[in-house]
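Notes for the one structure printed next.
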Amino acid sequence: MVETLSEHRCHGGVQGFYRHESRETGTPMQFAVYLPPAAERGSVPVLYYLAGLTCTEETATVKAGAQAHASRLGLALVMPDTSPRGASIEGEDDDWDFGTGAGFYLDATRAPWSAHYRMYAYVTGELRVVVASRFPVRDDATGVFGHSMGGHGALTIALKNPGAYRTVSAFAPICAPAECPWGEKAFRGYLGEDRAGWAEYDAVALIRSGARTSPILVDQGEADPFLDEQLHPHLLEEACARADQPLELRRHPGCDHGYYFIQTFMADHLEHHARGLAGWSRRRPDRRSEDTLP
């Protein structure tokens, strides 16, 4: 059952916040949904936005300025939380870049994290079933995008599920987490020492191994303090060029890692998704059932 926490009129549509009991994480999970005015007339394409380290379902909902563009383009937006909360795992609140608020959109295999930190399965499976059964969205016209850790999640989810996510983009993504301190810490803690398992959640490694998706849009600020040590967009660019994976990587002088940067290019990202989803939103009858999901 989905519990409504609050709903608000916003740019002619409705911005809501919700909670449900997750079987994947074994905890309550909160998420936000924006429905544009077009959703009052029928089901609409839907975008999942994955936020970064320390963020919640409220972060982009409040800071990104996405609703005005989604209203104009007729897109629903879903913003999940970034990790389970209150799993009662020792040490889950000790660091800002591991544990609470840092689920890395993977399914942990190392105890005790494996019992609750299943954000990949939650986002790609359970949450989509919940959203499709509760809201007027086209689960067969779905895109994914995100920021930083969430950009990593968006890229890997799209690469691993190209038929289920028709469009993808990212703001300042962690492109090669197996090759940066944030990713190494998370992967070692959640997945253990076997780097073969790490490659399943690394966009660059996935592309190098043959994974492909629809054309990728990435925006990266050149004044981002995490650019050189953590993000490595040049590795994504090189991997895509060698694999003929379409990529538009835009570098922006003076832009940093925060939401003023994201606001600046949010319209471009939603228009990128709207173009990619336009055909799919008209191609099939409205089917909101579990058999349409990955």
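The values are calculated or read from the model by the stated rules, or taken from the named source; none is laboratory data. Values in this document were obtained by computation on a predicted structure and should not be read as measured data. Note that we place each Cβ from the backbone using ideal geometry, even for glycine, and neighbour counts take in every protein chain shown. Please note that ligands, DNA and RNA were not included when accessible areas were found on the heavy atoms of the full protein model with its side chains. Shrake-Rupley method; radii C 1.70, N 1.55, O 1.52, S 1.80 Å.
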Task: Gyration tensor over alpha-carbon atoms, the stretch 1-52, equivalent ellipsoid semi-axes in Å - done: 23, 13, 11
- [ ] Any chance you could check the Cα centroid distance between the stretch 124-171 and the stretch 236-278 for me, in angstrom?
- [x] 16 Å
Open item on the list: Of the listed values (1) 6, 26, 32, 19, 10, 5, 1, 0; (2) 7, 27, 33, 21, 10, 2, 0; (3) 7, 31, 38, 21, 3, 0, identify the label whose number matches P(r) over Cα pairs in 10 Å bins from 0, in percent calculated from this model.
Closed with: (3)
Open item on the list: In Å², and per residue, what accessible area does the stretch 1-92 have when probed at 1.4 Å with the other protein chains present?
Closed with: 40 Å²
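If you stretched the chain out fully between Ile89 and Glu3, how much longer would it get, using 0.36 nm times the residue separation minus the C-alpha to C-alpha distance?
Numbers: separation 86, 0.36 × 86 = 30.96 nm, distance 2.53 nm.
Using 0.36 nm per residue and subtracting the Cα-Cα distance, I get 28.4 nm.
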- [ ] Using amide H atoms built 1.01 Å from N in the peptide plane, name the residues 5+ places from Gly101, or on other chains, whose amide H lies under 5 Å from its own.
- [x] Ser83
Open item on the list: Placing unit charges on C-beta atoms (Lys and Arg positive, Asp and Glu negative, everything else neutral), compute the dipole magnitude of the chain about its Cα centre in debye, rounded to 20.
Closed with: 1360 debye
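What's the ranking of 63-73, 149-159 by average number of surrounding C-beta atoms within 10 Å, highest first?
Working: 63-73: 19.6, 149-159: 29.0.
Per-residue mean Cβ counts within 10 Å order the peptides as 149-159, 63-73.
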TODO: Determine by what factor the alpha-carbon radius of gyration of the stretch 189-266 differs from 2.2 N^0.38 Å, reporting the quotient.
DONE: 1.23
Open item on the list: Can you say what percent of the DSSP beta bridges in the chain, counting only those with both residues inside, are antiparallel? Round to 5.
Closed with: 45 percent
- [ ] Round to a whole angstrom and tell me the spacing of the C-alpha centers of the stretch 32-56 and the stretch 200-233.
- [x] 23 Å
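If you roll a 1.4 angstrom probe over the protein chains with everything in place, what fraction of the accessible area of the stretch 21-77 belongs to carbon and sulfur, to the nearest %?
48 percent
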TODO: Give the carbon-plus-sulfur fraction of the accessible surface of the stretch 138-202 in %, rounded to a whole number; probe 1.4 Å, heavy atoms of protein chains only.
DONE: 50 percent
